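First the structure, in the form of structure tokens, and then the observations on it.
Just so you know, all these numbers are worked out from the coordinates, no wet-lab data involved. Predicted, not measured: the structure shown is a model, and the values here were computed from it. Here the Cβ positions follow ideal geometry from the backbone for every residue, glycine too, while neighbour counts run over all protein chains shown.
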Amino acid sequence: MAAPGARQPLLLLLLAGLAHGASALFEVKDNNGTAWIHTVDSTTDIKADINKTYRCVSDIQVYMKNVTIVLQDATIQAYLSGSNFSKEETRCSQDGPSPTTGPPSPSPPLVPTNPTVSKYNVTGDNGTCLLASMALQLNITYLKADNRTVTRAFNVDPNDTFTGSCGDQLVTLKVVNKNSALELQFGMNATSSLFFLKGVQLNMTLPDAREPMFSTSNSSLKALQATVGNSYKCSTEERIYVSKELSLNVFSVQVQAFKVESGRFGSVEECVQDGNNMLIPIAVGGALAGLVLIVLIAYLIGRKRSHAGYQTI
């Protein structure tokens, strides 16, 4: 409840000429009925061509000194030639590009084709410590600028630059381009004489993300494991879960870390998945051979009984 003599706003009138300018007239009356008129000017980005309608679904804020005017779902046109809005529209920048500017460019596919195999080698003071042939794909889940969660796959290009380092207990491979830096860390268990992928770190720029700078890592993995001096090989696609935001897909991989003789892969240790794939045709072949054997035995038994039915005269 306003105090006696207080002035209360009774009317707000906005005049928009669709040419960068707006004026607001405030008519205020006190309890005695005395009217006060205040005019405030402001600069806006509300504009449209003559004979076009200005359209903005998003909120538009017009700042006028101590007053902020908010327009919502606005349709405005000045200097009309008739009593109806023009069918041609100029959309505000808050709504994005105008539909009259042409179709939007297509979004990149969520799932690209399988990546191309790349070859890597890392050399230190004592020779080659890492030899790898594999195709890599990054599957990243992130929040877009419009607050939608998407998962997209990015293939690692064979032309990307790579570097690395050799250590007694850690071998690293770093693949970089202008948008990303992927580091693979291989560790060794001296007790069991096994090497394995122990860490993955990714820093990447995602232009359409709410937070464009994406970063995640995990240093407690145990993948791509084989005996030191041998190479790990797997033709089947493998998915390595790095974090809830990132999984690393590895295709047609052969890798050997720490001990590489003469720059060539050592004896092969195949992955379990490839072994299982070999069991399937073996099992099918065994089943077919068993079926043929059963049919042959049945045929021989039937033939013997047929001959037993005849007697010599």
Checklist outcome for this item: Label model pair D274, D168: point-to-point distance (7 angstrom along the Cα→beta-carbon line) in nm is 3.2
Checklist outcome for this item: One finds, for A74 and R148 with R0 = 25 angstrom and r their Cβ-Cβ distance, a FRET efficiency to the nearest 0.05 of 0.45
